[in-house]
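*Asks:* One structure, as structure tokens, below. Some questions next.
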Amino acid sequence: MCILVFRATRIWVLGAILDTATLRVAFGAIALTLFLLFYGVIYRRTRAPYSGWWSLALLLFPFGAAGYLLDGTTQQVWANPAANSLLVAGAASVWAAARSLSKASPKRWLILPGPAVTAVASALDHPASNDWAGGPVFLGLMCVLFALAYREVRSPPAEYAHIQVPLAIAAGFLAAYYLGRWAAFLAEGPHGAVFVQFFGSQPTTFITMLLLVVASFSMAALNNEEVAKDLRIRANRDPLTGLLNRAGFLDLAAGQIQRTNRLGRPASLILADLDHFKTVNDTYGHPAGDLVLQAFAAACNAEVRSGDLVGRFGGEEFIILLPGTGIDTAKTIATRISRTLQATDTDSRHPTVSYGIASAGTGTARLEAMIEAADAALYRAKSQGRDRVVHAAD
């Protein structure tokens, strides 16, 4: 069991006294190890923006901490401002990683203003003799950047809450901690008793080191969850059209039908088949046939609502579930899909489409029965000359 005692400028860990330099070396070693593992194993595999920004933060933090090891030497005049700037850049990278989790990755130049301002403030504050050159600016920017990171991850999606909550706690704690450092620095300076005991270099390095490890494990877990989610999506999607495949459609449609029945709403199902599709492949080649399938998928996506389900049922046959939709609206949607498909035809290769529609009354939908009825209606549409919409009740 570790007994941590903050006292003056020393931390007691397992009875041994660790000075600031030792802690910074340990911090740098751990951060570099995490960088090599995270960049080499995770980022190079997924190329996810948030993992790239986190890798950059893991690289900047140890180099920033290393710069302080030159304090008291003739190199302090440049090493101290550089260390401050690198740490602020690391905090900016943490913010960029957090933002990339839910929004578009920020532009790279957005992490530069903070380090630039820090470098100027430190350079103008006698860095050759002042270990805390630019201290107020440095501490203030660290607080702001960690607060911004906390803001980005404080309300994670339900599916990632168990992973992002530790990130939010770590970012929020660091923001509050640096706010305390900044306030104590302004109130009594870097040599005041409160600042040294609770906000000095030793406790800060130790706390940051622990939270860095926690956050890295959370980032790794989040990456694994994203990979698993991507695999699930790929397993349920048709690679050519991007629509649901047969298994994915049936799985989601079963849930939609249950919800529709529970709410007491009607439902309609459309089976669509591209007429004489084999002729397209035989005449123009399979690449042209693939383009036709993709064009029909795009037409379906353009005409259905966000809550509807569209899938490729097999070959040139497609299936659409329209929850809360009656007969007339389902017929209208089928007609609009054909009109949209033909409107995109620039070389007369797009075939006509036959549709079979089945509808269920309020709260009485059964997926298997609807598919069977729509299939029978589609067969009648084919036998009646194709290029038409037939409802099972017609």
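The values are calculated or read from the model by the stated rules, or taken from the named source; none is laboratory data. All values derive from a computational prediction rather than experimental measurement. Methodologically, a virtual Cβ is constructed for each residue, glycine included, from the backbone with ideal geometry; neighbour enumeration extends over all protein chains shown. Surface accessibility is based on the protein's heavy atoms, side chains included, excluding ligands, DNA and RNA. Shrake-Rupley method; radii C 1.70, N 1.55, O 1.52, S 1.80 Å.
*Asks:* Given labels modelled 7 Å from the Cα in the Cβ direction, how far is it in nm from ASP394 to ALA193?
*Replies:* So the label points at ASP394 and ALA193 sit 9.1 nm apart.
*Asks:* For region 70-206, what is the convex hull volume of its Cα atoms per residue in Å³?
*Replies:* 101
*Asks:* Can you tell me the length gained on complete extension of the stretch LEU70 to ASP131, counting 0.36 nm per residue apart and subtracting the Cα distance?
*Replies:* Here the answer is 21.0 nm.
*Asks:* Still on this structure, I have one more. Computed from the mean reciprocal separation of all distinct C-alpha pairs, what Kirkwood hydrodynamic radius does region 183-342 have, in Å?
*Replies:* 20.2
*Asks:* So, one more: What translational D, rounded to a whole number of µm²/s, comes out for region 129-264 from Stokes-Einstein when the hydrodynamic radius is the Kirkwood one over Cα pairs, at 20 °C and 1.002 mPa s?
*Replies:* 115
*Asks:* May I ask you to list the residues of region 97-122 whose amide nitrogen lies under 16 Å from a point 7 Å from Cα along the Cα→beta-carbon direction of VAL77?
*Replies:* Only 122 fall inside the zone, counting backbone N under 16 Å.
*Asks:* How much of the accessible area of region 274-315, in percent, comes from carbon and sulfur atoms when a 1.4 Å probe is used?
*Replies:* 56
*Asks:* Return one whole number: the accessible area per residue of the chain in Å², for a 1.4 Å probe.
*Replies:* Accessible area per residue: 49 Å².
*Asks:* From the square roots a ≥ b ≥ c of the eigenvalues of the alpha-carbon gyration tensor of region 286-394, which class results: rounded (a/c under 1.5), prolate (a/b over b/c), or oblate?
*Replies:* Prolate, because a/c is 1.5 or more and a/b exceeds b/c.
*Asks:* Okay, next question. Quote the accessible area belonging to SER155 in square angstrom, nearest 10, computed with a 1.4 Å probe and with ligands, DNA and RNA left uncounted.
*Replies:* Taking all protein chains as shown, SER155 has close to 100 Å².
*Asks:* How are the C-alpha pair distances of region 240-313 spread across 10 Å bins, as whole percents from the shortest bin up?
*Replies:* Here the calculated profile for region 240-313 is 17, 43, 27, 11, 3.
*Asks:* Considering the Cα positions of the chain, please state its Rg to one decimal place and its Dmax as a whole number of Å.
*Replies:* When restricted to Cα atoms, the chain yields Rg and Dmax of 30.8, 93 Å.
*Asks:* What is the gain in length, in nm to one decimal, between LEU252 and ARG386 on full extension, counting 0.36 nm per residue of separation less the C-alpha to C-alpha distance?
*Replies:* Contour length minus Cα-Cα distance gives 45.3 nm.
*Asks:* Starting at 0 and stepping by 5 Å, how many percent of the alpha carbon pairs of region 55-138 end up in each bin?
*Replies:* Binned Cα distances yield the sequence 3, 18, 25, 21, 15, 9, 5, 3, 1, 0.
*Asks:* Further, regarding this structure: Please compute the length gained on full extension between SER102 and ALA26, using 0.36 nm multiplied by the number of residues separating them and subtracting their Cα-Cα distance.
*Replies:* 24.1 nm
*Asks:* Return a whole-number percent for the relative contact order of the chain, with Cα pairs under 8 Å and 6 or more residues apart as the contact set.
*Replies:* Relative contact order of the chain: 12 percent.
*Asks:* So what is Rg over Rh here for region 233-273, counting just Cα atoms and using Kirkwood for Rh?
*Replies:* Looking at region 233-273, the ratio lands at 1.06.
*Asks:* Hey, another quick one. Which Cα, out of THR204, ALA253, PRO190, lies furthest along the positive dipole direction of region 177-254 (beta carbon charges, K/R +1, D/E -1)?
*Replies:* Highest projection toward the positive end goes to ALA253.
*Asks:* Shifting gears a bit: What 222 nm value per residue comes from the helices of the chain, counting each DSSP H run with n ≥ 4 as -39,500 (n - 2.57) and dividing by all residues, nearest 500 deg cm²/dmol?
*Replies:* So the calculated ellipticity at 222 nm is -21000 deg cm²/dmol.
*Asks:* Also: How much of LYS107 can a 1.4 Å solvent probe reach, expressed as accessible area in Å² and rounded to 10?
*Replies:* 130
*Asks:* Sticking with this structure for a sec: Whole angstrom only: what separates the Cα centroid of region 52-77 from the Cα centroid of region 101-140?
*Replies:* 13
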